[in-house]
Amino acid sequence: MVSRPRLVIIGAGIVGCALADELTGRGWTDVTVVDQGPLFAAGGSSSHAPGLVFQTNPSKTMTEFASYTVRKYSELALAGRACFDQVGGLEVATTEERWTDLHRKQGWAESWGVEGRLVDADQCVELWPLLDRGKVLGGFHVPTDGLAAAVSCGEAQARRAVERGARFLPHHTVVGVEQGGGRVTGVAVEVRRPESREVEYRVLAAEVVVCAAGFWGPAIGRLAGLTVPLLPLAHQYAKARTPGVPDGPILRHQDRDLYFRGHGDRIGIGSYAHRPMPVRQDEIGPKGTVMPSVQAFTEEDFDPAWRDAVELLPALKESTYEDGINGIFSFTPDGFPLIGEAPHLDGFWLAEAVWVTHSAGVARAVAELLVDGRSSFDLHECELSRFEPVQLSPAFVEERGKQNFVEVYDVIHPLQPMESPRPMRTSPFYVRQLELGGYFLEAAGWERPHWFEANLPLLEDLVLRHHSQAAEQPEAEQPEAEQPEAELPEEARGMAVERLLGVAQRDQWASRYWSPVAAAESYATRENVALYDMTSLKRIEVGGPGSVAFLQYLTTNNVDKKPGSVTYSLLLDASGGVRSDLTVARLAEDRFQIGANGNLDLDWLTRHAPGGVYVRDITPGTCCVGVWGPQTRELLQPLTDMDLSHEGFRYFSLKTGYVGHVPVTAMRVSYVGELGWELYTSADLGLKLWDTLWATGLPIAGGRAAFNSLRLEKGYRLWGVDMTPEHSPYEAGLAFAVKDGKDFLGRDALSTELTRKLVPLLSAEVVMGKEPVRHAGRTVGYVTSAAYGHTIQRPIAYAWLPIELTTPGTHVEISYFGRRVPAEVATEPLFDPKMEKIRR
Ligand code: FAD
Ligand code: THG
């Protein structure tokens, strides 16, 4: 690509303007921004957004987007007037559940570097005198939140861009995306100036086109042959005149899906309490309407919200609302923006589904990607290519978009699934898993069992057995070991359960979507043998004459070993950040099977593949079951001619053969850290394979809850949670997967000098993830994954900490719902450090 390409941005809303500023600030000055409307109230969502900026979000990336937006807009002025009013932000709780959740929220803010504090009801009223003191339990106050004047923020950034050479063209409607040879070459525009009746058609040539068209994104996407998975939804906003409007913080009343801000002597009220109101592209106001993003206000939808507003702010009783709008903006299936380049059209980029709150951060990320080829933000949650094909259907986008609207202010458990549309993707083992009482949650469209109710009796056995072991020790009180379960004294039973299951170490809300049955499944895996459905593991085939050289260049480890070898290897980006961790299995000289983390990997490999190398998603149509545990050989050897001895089938190697009637590829790999194999076959034979294994009478089925606990005991990282592109392999503790003296993408950017590290903590309670970690009263890091380690009988939390605090034995505190949970840095792995269970 030319070093300073011609670039067209579609849309002069706040995102397009911010992007023009970020790009021209980096020296890309040949920027043309087109909008169908006038400047700068162009008629999109930005034109009427009340501009509340609440920074705190469970996502680190989204919080960082918002913090950057606040920093940037705080310095902007237009015609001598500040564009950002840093009034602070206050979220109030009127229910116990919300009040508890605000404690968790304060933790996210702290983890991601935003200062915020919990305040009591009196302090809430001090900040917002119109609040009904009796209704409020407390609040969360962030002094740096505030109000962005969206149109002014856009214009101020646009002016700066223009000074550096950018052009802004109003009344230019994009009607075509020009392409040639798989690249974008420009946009076709229709020009209708208000002062003339003439219509002019032009082509603006460009090497790069960025679509920042807000909720018109799907229509522009269609011009480029690209699905843009967002749903335009109308959302209600109105104003009410009342004396004593505070110029205090922006206010959220999330228990009733409401937010408020001051407008001089009026209060603005936004509501998410109404039914979702999707808007089809052809229902959006026609070109030439002053405000196509605004639809007629529907009072009947707003009335309940008004009653709730009056209840919280009784002064409103004397008033009524006016100037109501149903304003349109974008919702995606998972609530994150859409950032990235079209998979089939080079040079065509999206910066879509972005709130005012995140606008400058997203613009910066896109500019960094374009100019430097990498971003300083971890974008994995936002990349366009995160969606599976089944998640791009209009029906799915509509259903999930609506659901996201409904849930936008709900208290959401990190594991809480969307209820519909489900099920979508099921493995061939699904029917058996249903019979076993599987409890399913969804990932990448797959139904995945988290535990099986059928294993409940194992839990009873386990409790009894551990209780009797405790009783055999000299200091044990009574020998109830022989007694049947029903007669086990409650207290003794309680102790056994507590120690075994970690039940007492985890509170009720946190224990949702989890079952103590996971303990029994963990034990069965460590002591006997269990089947784990690994079908949802993304499988990618890479082949062709150049495939060895390609994978050698793209991944960090040496994968050029003889066919039959499996290698754990990493994908890095140009700045040395971990983009993924993979298992690379060499099936033949020129053919590899890659075990990956998701669609982002497929996209990354496909984009980088040179001619002569093919990359194919083989996940659909195949399946995988992990057979793991010390009894695996007893189970499997009688079913197969493959030599399963330690010498005959090396750790991290593969063979093809038969298990009963079923042709399989067997890989000696285990994410749970036990002896065993992953068995792959085609989907049509999956059920036969499962039934063949099951008929031995040896295995139980294990779910993701046990799986997660087992992998944390072994210290196996989960990409996207434990490490992301923000982290180098050395920081993430993955140096063993980086081959010395080998050239690969990202190598030059790697430094072995460490300032922080991912380490295991042993804590006094089971936490959930994303909690801040403190040392000597200072916030020093945050938790990534957490679980109870059933076999080590301790709660585990992995955390990022500054290097000076990573020595084993260092005492820290995890802030959990506002409580201090003691924890200690431990040595990893916490289980089987000599690999005696795996290599035998
Ligand atoms: P837009 O502002 O919609 O800009 C897109 C531009 O693309 C438009 O100007 C349009 O004319 C142009 N365009 C479209 N198609 C074409 C074409 N074919 N050719 C040329 N130009 C085209 N967010 C917050 O963070 N805080 C809030 O408090 C908040 N409150 C909101 C309240 C309401 C009532 C609504 C509706 C939204 C609110 N939002 C809020 C969301 C926020 O307004 C949007 O997410 C944001 O403004 C989107 O900015 P944008 O630049 O992506 O899109
Ligand atoms: N199975 C397969 N592919 C995968 C995963 C899997 N790809 C994605 C993800 N999971 C990769 N994650 C891991 C993490 C750890 C290990 C395997 C996959 C692992 N590590 C050993 C260790 O760290 O000691 C061995 C490493 C080595 O010897 O190089 O087993 O679950 N197919």
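Could you check, for region 183-194, whether at least one of its residues is near ligand 1 (Cβ under 10 Å from one of its atoms) and in a helix (DSSP H, G or I)?
The answer is no, given that none of the residues of region 183-194 is near ligand 1 (Cβ under 10 Å from one of its atoms) and in a helix (DSSP H, G or I).
Is it the case that Val767 is surrounded by 18 or more Cβ atoms within 10 Å (Cβ to Cβ), assigned to a loop (DSSP other than H, G, I, E, B) and more than 16 Å from ligand 2 (Cβ to nearest atom)? Spell out the reasoning first.
Values: surrounded by 18 or more Cβ atoms within 10 Å (Cβ to Cβ): yes; assigned to a loop (DSSP other than H, G, I, E, B): yes; more than 16 Å from ligand 2 (Cβ to nearest atom): yes.
So Val767 fits the description; yes.
Answer yes or no: is there a residue in region 686-698 that is at pLDDT 95 or above and either in contact with a His (Cβ under 8 Å, 6 or more places away or on another chain) or within 16 Å of ligand 1 (Cβ to nearest atom) (or both).
Kept after step one, since they are at pLDDT 95 or above, are these residues of region 686-698: 686-698.
Now drop any that are not either in contact with a His (Cβ under 8 Å, 6 or more places away or on another chain) or within 16 Å of ligand 1 (Cβ to nearest atom) (or both), which leaves 688, 692.
The answer is yes; a qualifying residue exists.
Just checking, how many residues over region 728-751 are under 14 Å from Ser580 (Cβ atoms) and not in a loop (DSSP other than H, G, I, E, B)?
Qualifying residue count for the region: 1.
Kindly indicate the residue of region 622-661 that is hydrophobic (A, V, I, L, M, F, W, C) and touching a Phe, Trp or Tyr at 6+ places or on another chain (Cβ under 6 Å) and also surrounded by the most Cβ atoms within 10 Å (Cβ to Cβ) among those meeting that condition.
At the first step, the residues of region 622-661 found to be hydrophobic (A, V, I, L, M, F, W, C) are 623-625, 627-628, 635-636, 639, 642, 644, 649, 652, 654, 659.
Cutting the leftovers down to touching a Phe, Trp or Tyr at 6+ places or on another chain (Cβ under 6 Å) gives us 624, 627.
Values: Cys624: 24, Val627: 26.
Selected residue: Val627.
So for region 275-292 (the condition being out of contact with any His (no Cβ under 6 Å at 6 or more places or on another chain), more than 10 Å from ligand 1 (Cβ to nearest atom) and acidic (Asp, Glu)), does at least one residue qualify?
Looking for residues that are out of contact with any His (no Cβ under 6 Å at 6 or more places or on another chain), more than 10 Å from ligand 1 (Cβ to nearest atom) and acidic (Asp, Glu), one finds at least one in region 275-292, hence yes.
When you go through Ala224, Ala212, Ala161, Ala219 one by one, which is the residue that is crowded, with 17+ Cβ neighbours inside 10 Å and within 10 Å of ligand 1 (Cβ to nearest atom)? Spell out how you get there, then give the answer.
Values: Ala224 fails: within 10 Å of ligand 1 (Cβ to nearest atom); Ala161 fails: within 10 Å of ligand 1 (Cβ to nearest atom); Ala219 fails: crowded, with 17+ Cβ neighbours inside 10 Å.
On inspection, the qualifying residue turns out to be Ala212.
Please report, ordered by residue number, the strands (runs of 3 or more DSSP E) entirely within region 530-640 with at least 2 residues that are within 13 Å of ligand 2 (Cβ to nearest atom), under 28 Å from Asp684 (Cβ atoms) and among the hydrophobic types (A, V, I, L, M, F, W, C).
Values: elements: 530-533, 538-543, 566-572, 578-588, 591-596, 614-617, 622-628.
Here the list reads 578-588, 591-596, 622-628.
If you scan region 16-37, which residues turn out to be over 23 Å from Met291 (Cβ atoms) and part of a helix (DSSP H, G or I)?
To start, the set of residues in region 16-37 that are over 23 Å from Met291 (Cβ atoms) comprises 21-32.
Hits for region 16-37 are Asp21, Glu22, Leu23, Thr24, Gly25.
Rundown of residues vs (1) loosely packed, with under 14 Cβ neighbours inside 10 Å; (2) not charged (D, E, K, R), yes/no style:
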position	(1), (2)
Val119	no, yes
Glu126	yes, no
Val136	no, yes
Val174	no, yes
Glu178	no, no
Gly182	yes, yes
Arg192	no, no
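Filter region 124-153 down to the residues that are in contact (Cβ under 8 Å) with a residue 40 or more places away in the chain and part of a helix (DSSP H, G or I), then identify the one that is nearest to Val53 (Cα to Cα).
Here is the first cut: in region 124-153, the ones in contact (Cβ under 8 Å) with a residue 40 or more places away in the chain are 127-132, 135-153.
Cutting the leftovers down to part of a helix (DSSP H, G or I) gives us 127, 150-153.
On the way: Leu127: 17, Ala150: 11, Val151: 14, Ser152: 15, Cys153: 13 Å.
This residue is Ala150.
Can you tell me which residue is nearest to Thr61 (Cα to Cα) among those in region 344-375 that are part of a loop (DSSP other than H, G, I, E, B) and in contact with a helix residue (DSSP H, G or I) (Cβ under 6 Å, 6 or more places away or on another chain)?
In the first step, residues of region 344-375 are kept if they are part of a loop (DSSP other than H, G, I, E, B); the result is 344-345, 347, 353-355, 373-375.
Add one more test, that the residue is in contact with a helix residue (DSSP H, G or I) (Cβ under 6 Å, 6 or more places away or on another chain), and what stays is 354, 375.
Details: Val354: 13, Ser375: 11 Å.
Taking the candidates together, the pick is Ser375.
Every residue in region 642-659 that is closer than 17 Å to Tyr680 by Cβ and either part of a loop (DSSP other than H, G, I, E, B) or within 16 Å of ligand 1 (Cβ to nearest atom) (or both), please.
At the first step, the residues of region 642-659 found to be closer than 17 Å to Tyr680 by Cβ are 642, 644, 649, 652-659.
Answer for region 642-659, where residues must be closer than 17 Å to Tyr680 by Cβ and either part of a loop (DSSP other than H, G, I, E, B) or within 16 Å of ligand 1 (Cβ to nearest atom) (or both): Met642, Leu644, Phe649, Phe652.
Can you tell me how many residues within region 666-691 are assigned to a strand (DSSP E or B) and more than 30 Å from Pro833 (Cβ to Cβ)? Don't jump to the end; show me each part of the working.
From region 666-691, those assigned to a strand (DSSP E or B) are 666-667, 676-682; that's our starting set.
Still in the running and more than 30 Å from Pro833 (Cβ to Cβ): 681-682.
Going through region 666-691 one residue at a time, the tally reaches 2.
Give the residues of region 252-284 that are more than 13 Å from Ala240 (Cα to Cα), without any contact (Cβ under 8 Å) to a residue 60 or more places away in the chain and in a loop (DSSP other than H, G, I, E, B), sorted by residue number.
Ala273, His274, Arg275, Arg280
Please tell me if Val825 is of a type in the set (Val, Ile, Thr), touching a helix residue (DSSP H, G or I) at 6+ places or on another chain (Cβ under 8 Å), surrounded by 19 or more Cβ atoms within 10 Å (Cβ to Cβ) and under 17 Å from Gly715 (Cβ atoms). Quick ask: steps written out before the conclusion?
Working: of a type in the set (Val, Ile, Thr): yes; touching a helix residue (DSSP H, G or I) at 6+ places or on another chain (Cβ under 8 Å): yes; surrounded by 19 or more Cβ atoms within 10 Å (Cβ to Cβ): yes; under 17 Å from Gly715 (Cβ atoms): yes.
Against the criterion (of a type in the set (Val, Ile, Thr), touching a helix residue (DSSP H, G or I) at 6+ places or on another chain (Cβ under 8 Å), surrounded by 19 or more Cβ atoms within 10 Å (Cβ to Cβ) and under 17 Å from Gly715 (Cβ atoms)), Val825 qualifies.
For Val34, indicate whether it is near ligand 1 (Cβ under 9 Å from one of its atoms), within 28 Å of the chain's Cα centre (by Cα) and of a type outside the set (Phe, Trp, Tyr). Please lay out each step first, then the result.
Details: near ligand 1 (Cβ under 9 Å from one of its atoms): yes; within 28 Å of the chain's Cα centre (by Cα): no; of a type outside the set (Phe, Trp, Tyr): yes.
No: the conditions fail for Val34.
Looking at region 585-609, I want the residues that are more than 21 Å from Trp719 (Cα to Cα) and have a partner that is away from ligand 2 (no atom under 13 Å from the Cβ) and of a type in the set (Phe, Trp, Tyr) with Cβ atoms under 7 Å, at least 6 apart or on another chain. Which pairs are those?
Filtered contacts from region 585-609: Ala609/Phe550.
Here are some residues: Gly262, Gly268. Which one is within 28 Å of Ala93 (Cβ to Cβ), of a type outside the set (D, E, K, R), within 12 Å of ligand 1 (Cβ to nearest atom) and surrounded by 17 or more Cβ atoms within 10 Å (Cβ to Cβ)?
On the way: Gly262 fails: within 12 Å of ligand 1 (Cβ to nearest atom).
None of the other options fit; the residue is Gly268.
The values are calculated or read from the model by the stated rules, or taken from the named source; none is laboratory data. Everything quoted here is computed from the prediction, not taken from an experiment. Every residue, glycine as well, gets a Cβ built from its backbone with ideal geometry; the counts of neighbours run over all protein chains shown.
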